[in-house]
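This report refers to the structure that appears directly beneath it.
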Amino acid sequence: MQPATQAWGFAAVRLAGTVVLGVAVGWLLHNPWGGLAIALILHLGWMLAQLFRTEWWLRHRSYADPPEIGGVWGEIIAQIVRLHRRKRFHKQRFVQLMRQLQRSTAALPDGVVILNAQREIVWFNRMAARLLNLRRTADLGLRIENLLREPQFVRYLARGDYANPVVVHQSSGTDTWLSLQVAPYGDGQLLLLVSDVSRQMRLEAVRRDFVANASHELRSPLTVISGYLETLAQEPGLDPQLQGPLSEMRRQAERMTAIIHDLLELSRLEDTDEAVTAAPIDVAALLALLRKDVLARPLHPHEVRVRLDSTARLLGDEPEIHSAFSNLVDNAAKYTPPEGSLEMRWWVDEDGGHFSVTDTGMGIPPEHIPRLTERFYRVDPGRSRATGGSGLGLAIVKHVLQRHGGRLQVQSVLGAGSTFTCHFPPERIEAAPLTQAVRFS
Ligand code: ADP
């Protein structure tokens, strides 16, 4: 039999015995009801005394031993002791686990900050405190934007797109670069991962400076060489046998000049990380100009169309946008045969502004598309060199678009043609008074 069932059995027997005894004694004294009442009062008093002892022990449980009570009350006390022991065991395990977690996160080489749905700091590890200058208790509960006010980070947090980290420069105190990445979890909570990328950024700056300086140093001797080659080519008494090699030398010198021009342009784009200006650009006029440039090429697709589905102006840096668009249009003209066609299109919708260049040229095999914007990446190196390409055009386009908050999309079918589309966010579009489709070809 279970101890609890046994205890209830005893309790029932005790109550029955008390009733019988009370009635019997009362009957002997000619008052059975009085005897019963007194017996029940005594039983109740005894029960209350047990209850009092149990309650007193519960209050002083931390230093008093459980009272030695049998029966149902003893059973209840035994159950409480068991529950208490189990709770203490789980609590100890939880504390141990927490300590281990704290020790392991403290040993992490990166900073970790836990933010609640209101972006208030809930917890952070030692590295986060060091990198972000957070104070252990004072900064808990404060909003992260109030402590980390770098505009790029505030914008990154507001945007809600946490696929990539944001790199911020902290010039106050030490000159450090921090990479900040947010990982959402749970019910709107955010995990902020912080790492010091100063070393990588310095190495990157050294690399950039080297490329910029080397390109700059090469420019002057190349100008001299090109000048002499030009003069030599115009020499009336030039040996006809030398004309072929001379024109090849001039072509190669032009290619080198184009590469150096593009390298310098790329370093300039990489050098300035502040947001670009937002001057209104007349896209219609720009596309008309680009169309004229294509038609001025000795070899160009016979049909060059411009389709304007909007007169809205683009807000950005005119020379940079001109350079990006002309690189795309140049490529389309270069890689499309004269019997093919080329179309430039500008349109605006709720997602922002879009500029696309579609050609009916050779197309690009799908495996090359993801790597097109890498520097010097060419699908067909021989062909690209023959057309005078520097291999840097699409890298420039990607940088310009990034600086304008935009992105490049490439669609292509091998042998049928390609479409390169620049997508700009809505804040880069100035609303136009009238929208009408304009087409000239
Ligand atoms: P390049 O100066 O060699 O044209 P880009 O960076 O502008 O360098 O382009 C990279 C490569 O992408 C090119 O070498 C070419 O193979 C391919 N490409 C770019 N645009 C087109 C296009 N419209 N049609 C086919 N291939 C293209």
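The values are calculated or read from the model by the stated rules, or taken from the named source; none is laboratory data. All values reported here derive from a predicted model rather than from experimental measurement. Using ideal geometry, Cβ is built from the backbone for each residue, glycine included, and neighbour counts are taken over all protein chains shown. Heads up: the accessible areas ignore ligands, DNA and RNA and are worked out on the full protein's heavy atoms, side chains in. Shrake-Rupley method; radii C 1.70, N 1.55, O 1.52, S 1.80 Å.
The table for this structure:
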{"quantity": "Residue list for the range 325-337, restricted to those being within 12 Å of the ligand (Cβ to nearest atom), part of a helix (DSSP H, G or I) and either charged (D, E, K, R) or touching a strand residue (DSSP E or B) at 6+ places or on another chain (Cβ under 7 Å) (or both)", "calculated": "Leu328, Val329, Asp330, Ala332, Ala333, Lys334"}
{"quantity": "Enumeration of residues in the range 194-203 that are surrounded by 14 or more Cβ atoms within 10 Å (Cβ to Cβ) and either of a type in the set (Gly, Ala, Ser) or assigned to a helix (DSSP H, G or I) (or both)", "calculated": "Ser195, Ser198, Met201"}
{"quantity": "Residues located in the range 248-275, provided they are open to solvent by less than 70 Å² (accessible area, probe 1.4 Å) and among the small types (Gly, Ala, Ser)", "calculated": "Ala253, Ala258, Ser267"}
{"quantity": "Qualifying residue in the range 94-104 (condition: part of a loop (DSSP other than H, G, I, E, B) and surrounded by 13 or more Cβ atoms within 10 Å (Cβ to Cβ))", "calculated": "no"}
{"quantity": "Candidates Ala7, Ala49, filtered to the one that is at pLDDT 90 or above and either touching a helix residue (DSSP H, G or I) at 6+ places or on another chain (Cβ under 7 Å) or not in a loop (DSSP other than H, G, I, E, B) (or both)", "calculated": "Ala49"}
{"quantity": "Candidates Ser323, Ser267, filtered to the one that is within 25 Å of Val379 (Cα to Cα), touching a residue at least 40 places away in the same chain (Cβ under 8 Å) and not assigned by TED's automatic domain parsing to the domain that holds Val397", "calculated": "Ser267"}
{"quantity": "Residue in the range 407-421 that is more than 10 Å from the ligand (Cβ to nearest atom), in a loop (DSSP other than H, G, I, E, B) and of a type outside the set (A, V, I, L, M, F, W, C) present", "calculated": "yes"}
{"quantity": "Near pairs, Cβ below 6 angstrom, 6+ apart or cross-chain, from the range 67-87 (of a type in the set (D, E, K, R)) to any residue that is at pLDDT below 90", "calculated": "Glu75/Ala4; Glu75/Ala7"}
{"quantity": "Restricting the range 338-361 to residues that are within 11 Å of the ligand (Cβ to nearest atom) and closer than 12 Å to Thr419 by Cβ, the residue that is modelled with the lowest pLDDT", "calculated": "Gly361"}
{"quantity": "Test: Leu58 is at pLDDT 90 or above and aliphatic (A, V, I, L, M)", "calculated": "no"}
{"quantity": "Residue within the range 311-330 that is of a type in the set (Val, Ile, Thr) and open to solvent by 30 Å² or more (accessible area, probe 1.4 Å) present", "calculated": "yes"}
{"quantity": "Residue within the range 19-28 that is within 30 Å of Asn125 (Cβ to Cβ), hydrophobic (A, V, I, L, M, F, W, C) and not assigned by TED's automatic domain parsing to the domain that holds Asn125 present", "calculated": "no"}
{"quantity": "Test: Asp359 is under 24 Å from Arg305 (Cβ atoms) and free of Cβ contacts under 8 Å to residues at least 12 places away in the same chain", "calculated": "no"}
{"quantity": "Residue count for the range 156-190, restricted to those that are hydroxyl-bearing (Ser, Thr, Tyr), in a loop (DSSP other than H, G, I, E, B) and surrounded by fewer than 16 Cβ atoms within 10 Å (Cβ to Cβ)", "calculated": "3"}
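Residue by residue, here is whether (1) more than 7 Å from the ligand (Cβ to nearest atom); (2) aliphatic (A, V, I, L, M); (3) more than 19 Å from Phe325 (Cβ to Cβ) holds:
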{"residue": "Gly363", "(1), (2), (3)": "no, no, yes"}
{"residue": "Pro370", "(1), (2), (3)": "yes, no, yes"}
{"residue": "Glu374", "(1), (2), (3)": "yes, no, yes"}
{"residue": "Arg378", "(1), (2), (3)": "no, no, yes"}
{"residue": "Pro381", "(1), (2), (3)": "yes, no, yes"}
{"residue": "Ala386", "(1), (2), (3)": "yes, yes, yes"}
{"residue": "Ser390", "(1), (2), (3)": "no, no, no"}
{"residue": "Val397", "(1), (2), (3)": "yes, yes, no"}
{"residue": "Val400", "(1), (2), (3)": "yes, yes, no"}
